[in-house]
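Down below is the structure, laid out as structure tokens.
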Amino acid sequence: MSDAFTKVLAIDTAMGGCSACVYLTASEEAFARSEDMPRGQAQELVPMINDVMAQAGISFDDLGAIVTTVGPGAFTGLRIGMSTARAMAQATGAPLFGVSTLQVLARQYVLTHEPEQNFAVLVETRREDFYVQEFDVTGAAVSEARAALAADIMAQVSARVFVGDAALRFKELAPEAEIIEGFNLPDPENIAQILIEQPAMVHENPEPIYLRGAEVSKSKKEYRTIA
């Protein structure tokens, strides 16, 4: 599958940032931009994509594939990245692939730290719980991704090393946990490399990953009932 993907566009807006990368597989060159951005991705993503495309010296018709993060993460940011990736895939005819934020962060940790034991990735929910998934030393998932409270994670996850943008908050609730800082955003170059080097970890024509249902509150306004 990867032989055809000589020019890959990778994007991420699923967490607290906005990122884009053009990866040229023949030369292993990456032209990337990544910024912390809790909000405002809708205005910044397309100009950022145009910037890295210009740096790489290619047109959209040159793209062999587009790959984006599909969550879990922030609902609004996730929808921005997914909708942009789908629109560009439809316009260019390039196949669209998705990879989970948890998987991307796991690979980043494996590449930089070469772990000797299982670890877990924690992604912020902005609520009381955490998005969590456990991985082995190669970065392969050994559990399903889920949303869970800190106490449940410590009771149910065998790993005692945690990485991700929610690790510091988790440490406050579980002082016995070992956390590794520095894994707050998916690296867009890493996203592209997963497609090329570990295609089993991506999915074609992806759907967003939501680990909880939408929270809808009932209006307190009283309405008249017409018989």
*Considering residues of segment 28-85 that are of a type in the set (Phe, Trp, Tyr) and either under 13 Å from the mean Cα position of the chain (by Cα) or not in a helix (DSSP H, G or I) (or both) only, the residue modelled with the highest pLDDT*: Phe31
_segment 174-187, subset closer than 15 Å to Gln103 by Cβ and touching a helix residue (DSSP H, G or I) at 6+ places or on another chain (Cβ under 7 Å), residue surrounded by the most Cβ atoms within 10 Å (Cβ to Cβ)_ = Pro186
_segment 188-209: number of residues that are within 8 Å of Val99 (Cβ to Cβ) and surrounded by fewer than 20 Cβ atoms within 10 Å (Cβ to Cβ)_ = 2
*Kindly establish whether Phe5 is aromatic (Phe, Trp, Tyr), touching a residue at least 12 places away in the same chain (Cβ under 8 Å), under 22 Å from His203 (Cα atoms) and crowded, with 19+ Cβ neighbours inside 10 Å.*
yes
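Each row is one residue, and each column tells you yes or no for (1) surrounded by fewer than 16 Cβ atoms within 10 Å (Cβ to Cβ); (2) out of contact with any Phe, Trp or Tyr (no Cβ under 7 Å at 6 or more places or on another chain); (3) outside the structural domain of Phe170 (by TED's automatic domain parsing).
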site: Ala56; (1), (2), (3): no, no, yes
site: Leu78; (1), (2), (3): no, yes, yes
site: Gly81; (1), (2), (3): no, yes, yes
site: Leu96; (1), (2), (3): no, yes, yes
site: Ala106; (1), (2), (3): no, no, no
site: Thr112; (1), (2), (3): yes, yes, no
site: Gln117; (1), (2), (3): yes, yes, no
site: Val123; (1), (2), (3): no, no, no
*Those residues of segment 171-204 which are assigned to a loop (DSSP other than H, G, I, E, B) and at negative phi, in sequence order*: Ala174, Pro175, Glu176, Ala177, Glu181, Phe183, Asn184, Leu185, Pro186, Asp187, Gln198, Val202
_Cβ pairs under 6 Å, 6+ apart, first in segment 54-75 and more than 22 Å from Ala106 (Cβ to Cβ), second of a type in the set (S, T, N, Q)_ = Phe60/Thr92; Leu63/Thr92; Gly64/Thr6
*Any chance you could count how many residues in segment 101-138 are closer than 15 Å to Val161 by Cβ, in contact with a strand residue (DSSP E or B) (Cβ under 6 Å, 6 or more places away or on another chain) and part of a helix (DSSP H, G or I)?*
4
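The values are calculated or read from the model by the stated rules, or taken from the named source; none is laboratory data. Small disclaimer: the values here were computed from a predicted structure and weren't measured. Quick reminder, even Gly has a Cβ in these numbers, built from the backbone with ideal geometry, and neighbours come from all protein chains shown.
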